[in-house]
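Following: one structure in structure tokens, then a few remarks.
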Amino acid sequence: MQNLPIEISQLFEFLENGTSAFHVTAHSKKVLIGAGFTELKLNAPWTLERGGRYFCCPFDTTLYAFTIGEECDLSNGIHIGGAHTDFPAIKVKPNPEIFTHGYMQLNMELYGGPILSSFFDRSLSLAGKVVTRGPSYDRPVGHLIDFQRPVVCLPNLAIHMNRTANEKGSPVDNQKHLLPILGTLDDMLNKDSTLIKLLAEELDVDAEEILDYDLCLYNLERPELAGITEEFISAPRLDDITSVCALMHGLVESHNRSRVNLVCLFDNEEIGSLSKQGADSFLPAVIIGKIWQSFGKSMIDCMADLSEGLMVSADVAHAYHPNYPAVQDITNYPVMNQGFVFKSASNQSYAWDCEALGAMIALCEEKQIPYQRFAKHSNTKGGGTIASILSSHLPVKTVDTGAGILAMHSSREMMGIKDQIALSRFAKAFFE
């Protein structure tokens with residue numbers, strides 16, 4: 001393997017540590033603390049200083065990090081970068097144990113829109129959060145958990161019993177076929193065993209203390225370089241850890257004396273963002289309002305100042321797939337390793353106005369950062385991002401961007417090394 005550029009080493013660290021939305025946020029906090037950022041609490045008054053570097057985690061899957069320039073004039077507005085910590089997954093239901101002819105299985109449900117076939121016949125582990133009793137009923141204690149080893153199996157049906165699998169595929173019944181095997185019943189794993197007991201053993205707590213959990217299956221495979229000259233990255237969870245990594249390190253490594261820079265990491269993008277920890281909440285306005293209030297400005301002043309700002313929503317884009325050319329637009333199709341991507345759509349599923357996008361293109365040209373354009377095929381609906389949601393709440397010119405990838409929403413995705421480097425350079429330039 002070649003010596004990795006710093007941007008790719010940073011991405012690999014995020015990918016290996018970010019096995020759930022909780023762990024993506026925890027690693028982001030680690031990066032910020034290592035760079036000298038100060039943690040703030042949402043329910044406490046904020047005393048901020050020019051030249052300060054701060055972050056706040058209102059929820060364990062949501063993070064806001066910001067810097068205030070030494071000569072900051074709030075009327076200069078703000079630069080905001082947004083991304084999401086969650087990814088499509090298969091999650092564990094409550095009371096999940098199923099005992100079938102000597103096997104113990106787990107009852108699961110879908111989160112978002114994963115390519116389900118990509119989870120079969122893989123090394124799968126479990127990660128997320130477990131909550132135990134605290135000092136009072138309304139103060140439970142959260143514990144991050146990651147088994148970091150293959151703990152469940154989701155095997156395909158043999159082709160001898162499904163002769164048309166290669167021609168017609170293997171349709172997945174979400175309730176019948178997404179029941180991973182935890183093991184065969186024996187003295188250790190028996191009908192008196194429950195997932196709660198296994199979690200308690202892993203965390204070294206009493207099973208009676210566990211109240212609830214939020215756990216997902218994840219592909220245990222490590223990120224790797226691929227291609228004859230190792231120009232590609234093959235890895236789980238590129239969507240949207242590529243953007244989280246670029247924005248976090250872009251904010252940490254940039255320096256701007258005259259403006260507020262803010263990174264917002266949201267949960268629940270894959271299911272529509274409508275939650276207290278999602279982009280479709282009042283929380284971004286609260287965070288920004290507290291910054292402005294700490295310098296003696298009102299919310300009306302804040303909203304007026306924001307109109308001078310810019311916002312980028314960083315989420316992955318659809319790279320050109322040479323085996324499926326008909327799904328792409330005929331003139332706007334990003335190719336891997338030719339630059340990160342600006343996305344636009346006239347229906348605002350990708351936030352767009354030509355003034356904001358023109359400013360970002362001019363920045364890339366000034367800094368010689370390679371970029372490409374993406375537009376949807378006119379016969380397809382395509383996807384969406386947090387950009388339009390955020391810009392409907394905040395009066396900030398907004399642009400959609402990200403790295404082009406293949407196999408989006410698979411348990412293992414693919415991208416170009418040069419595109420991550422370009423995205424990282426853009427994030428730093430945007431904040432500077």
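GLU224 - would you say it is touching a Pro at 6+ places or on another chain (Cβ under 6 Å) and open to solvent by 10 Å² or more (accessible area, probe 1.4 Å)?
Values: touching a Pro at 6+ places or on another chain (Cβ under 6 Å): no; open to solvent by 10 Å² or more (accessible area, probe 1.4 Å): yes.
Taking the combined requirement at face value, the residue does not satisfy it.
Look at (1) open to solvent by 10 Å² or more (accessible area, probe 1.4 Å); (2) in a loop (DSSP other than H, G, I, E, B); (3) at pLDDT 90 or above and you find that GLU308 fails only one, number (3). Of the residues making up the stretch 321-351, those that are assigned to a loop (DSSP other than H, G, I, E, B), open to solvent by 50 Å² or more (accessible area, probe 1.4 Å) and without any contact (Cβ under 8 Å) to a residue 60 or more places away in the chain are PRO322, ASN323, TYR324, ILE330, THR331, TYR333, SER346, ASN347, GLN348. Residues that are hydrophobic (A, V, I, L, M, F, W, C), buried (at least 17 other Cβ atoms within 10 Å of the Cβ) and within 22 Å of the chain's Cα centre (by Cα) within the stretch 283-305 comprise LEU283, ILE287, ILE288, listed in sequence order. Would you be able to say whether some residue in the stretch 73-94 is among the polar types (S, T, N, Q) and assigned to a strand (DSSP E or B)? Taking every residue of the stretch 73-94 in turn, none turns out to be among the polar types (S, T, N, Q) and assigned to a strand (DSSP E or B). Within the stretch 9-37, residues that are open to solvent by 10 Å² or more (accessible area, probe 1.4 Å) have Cβ atoms under 6 Å from residues that are small (Gly, Ala, Ser) and part of a loop (DSSP other than H, G, I, E, B) in these pairs: HIS27/GLY18, counting only partners at least 6 apart in sequence or on another chain. If you filter the stretch 387-409 down to residues that are among the polar types (S, T, N, Q) and open to solvent by less than 20 Å² (accessible area, probe 1.4 Å), you find that the one that is farthest from GLN348 (Cα to Cα) is THR401.
The one condition from (1) in a loop (DSSP other than H, G, I, E, B); (2) at pLDDT 90 or above; (3) surrounded by fewer than 24 Cβ atoms within 10 Å (Cβ to Cβ) that GLN372 does not meet is (1). When each of THR47, THR25 is tested for being modelled with pLDDT of 95 or more and under 30 Å from TRP292 (Cβ atoms), the lone residue that passes is THR25.
Against the definition (among the aliphatic types (A, V, I, L, M) and surrounded by fewer than 20 Cβ atoms within 10 Å (Cβ to Cβ)), how does ALA65 come out, yes or no? Spell out how you get there, then give the answer.
Numbers: among the aliphatic types (A, V, I, L, M): yes; surrounded by fewer than 20 Cβ atoms within 10 Å (Cβ to Cβ): no.
No; evaluated as a whole, the condition is false for this residue.
Residues in the stretch 393-413 that are in a loop (DSSP other than H, G, I, E, B) and modelled with pLDDT of 95 or more: how many?
Step one: of the stretch 393-413, the residues in a loop (DSSP other than H, G, I, E, B) are 394-396, 403, 407-412.
Pick out the ones that are also modelled with pLDDT of 95 or more and you get 403, 407-412.
Adding up the residues that qualify gives 7.
The values are calculated or read from the model by the stated rules, or taken from the named source; none is laboratory data. Note that the structure is a prediction, hence the values are computed from the model and not measured. For neighbour counting, all protein chains shown are included, and Cβ atoms are generated from backbone atoms with ideal geometry for every residue, glycine included. Calculation scope for accessible area: heavy atoms of the full protein, side chains included, ligands and nucleic acids excluded. Shrake-Rupley method; radii C 1.70, N 1.55, O 1.52, S 1.80 Å.
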